[in-house]
Amino acid sequence: MMGPAHSLSGAAAWMGAGAVAAGVGHPMPWPTLVVGALISSGAALAPDLDHHAATISHSFGPLSKAACKIIDGIAHATYNATRGRHDPRRTGGHRTLTHTAVWAALIGTGCSAAAVYGGRWAVLAILFVHMVLAVEGLLWRAARASSHVIVWLLGGFSAWVLAEVLDDPGNGKAWLFTQPGQHYMWIGLPIILGALVHCLGDAITVSGCPLLWPIPIASKRWYPLGPPKFMRFRAGSWVELKVLTPAFFIIGGASALGALGILG
């Protein structure tokens, strides 16, 4: 899928998680619901850091372009080192390592650890990166018409304000993980969810997605998981724009109402 649909699906997925959490007795405070949706929206763009033309590869100027080259090289090397006898040879790392559940878990766990042990500045850094990506994804037309500096300023301001809101007692920094020293441990969950939703979105396109690496399937360690080929579509096609995008809006909105106890 394309960036805006990925980003919207990430936000909708976190809203759905909020509805489930409310249903099992762990309702999210509204700031956690909002911040988590924005983080998940940004995180749903992050797996494409292995592609030089992706939104995230241009979001932070030379820094993200350099990171793209590094991640693409690591992904390509990992693919070559672990591919099965039926996995084809590749010339790049796009849709390999960063498009797996293993990568999603590592990134989410790393961000949770950084937030817990790094304190406020680590939380602000995580929020800033994902707020910038959320702006790039959800407001992509406006973001493309603006300079990177404006998007960065908006991301930084949003990160600061949201961190202040979350820090107020009962507003969500201790959601789910309530013991001393566990504040913001939940922050890795929307990152994991966003990355997984990205992978699922790519899995229903023509190329599929190696979500279950390194589990071998049909003698392939990088098996492109997806539905039957007749059910797949090309990224940016009418299915994505006319069917999936409205569905993400509806599912996200209904889930948000459920998460806040307004619906159901």
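Before moving on, here are some points about what is shown:
- If the condition is being over 18 Å from His52 (Cα atoms) and loosely packed, with under 14 Cβ neighbours inside 10 Å, then the stretch 67-86 contributes Asn80, Ala81, Arg85, His86.
- Some residue of the stretch 248-256 being touching a Ser or Thr at 6+ places or on another chain (Cβ under 6 Å), more than 30 Å from Arg89 (Cβ to Cβ) and either assigned to a helix (DSSP H, G or I) or not aliphatic (A, V, I, L, M) (or both): yes
- Matching entry among Trp140, Trp160 (being open to solvent by 30 Å² or more (accessible area, probe 1.4 Å) and touching a residue at least 40 places away in the same chain (Cβ under 8 Å)): Trp140
- Of the residues making up the stretch 39-63, those that are assigned to a helix (DSSP H, G or I), open to solvent by 10 Å² or more (accessible area, probe 1.4 Å) and not β-branched (Val, Ile, Thr) are Ala46, Asp48, Leu49, His58, Pro62, Leu63.
- Meeting the requirement of 3 or more residues that are more than 25 Å from His58 (Cα to Cα), the helices (runs of 4 or more DSSP H) wholly within the stretch 133-209 are 148-167.
- Selection from the stretch 225-238 of residues that are surrounded by 13 or more Cβ atoms within 10 Å (Cβ to Cβ), in a loop (DSSP other than H, G, I, E, B) and without any contact (Cβ under 8 Å) to a residue 24 or more places away in the chain: Gly226, Ser237
- Count of the stretch 209-219 residues which are in contact with a Pro (Cβ under 8 Å, 6 or more places away or on another chain) and surrounded by fewer than 19 Cβ atoms within 10 Å (Cβ to Cβ): 0
- Selection count where residues are basic (Lys, Arg) and modelled with pLDDT of 90 or more, scope the stretch 71-89: 2
- Annotation: Leu241 fulfils all but one of (1) open to solvent by less than 90 Å² (accessible area, probe 1.4 Å); (2) in a helix (DSSP H, G or I); the unmet one is (1).
- Selected residue [of a type in the set (A, V, I, L, M, F, W, C), modelled with pLDDT of 95 or more, farther than 30 Å from Asn80 by Cβ and under 20 Å from the mean Cα position of the chain (by Cα)] from Val135, Val123: Val123
The values are calculated or read from the model by the stated rules, or taken from the named source; none is laboratory data. All figures in this text were calculated on a predicted structure; none of them were measured in a lab. Methodologically, a virtual Cβ is constructed for each residue, glycine included, from the backbone with ideal geometry; neighbour enumeration extends over all protein chains shown. Accessible surface areas use protein heavy atoms only, side chains included; no ligands, DNA or RNA. Shrake-Rupley method; radii C 1.70, N 1.55, O 1.52, S 1.80 Å.
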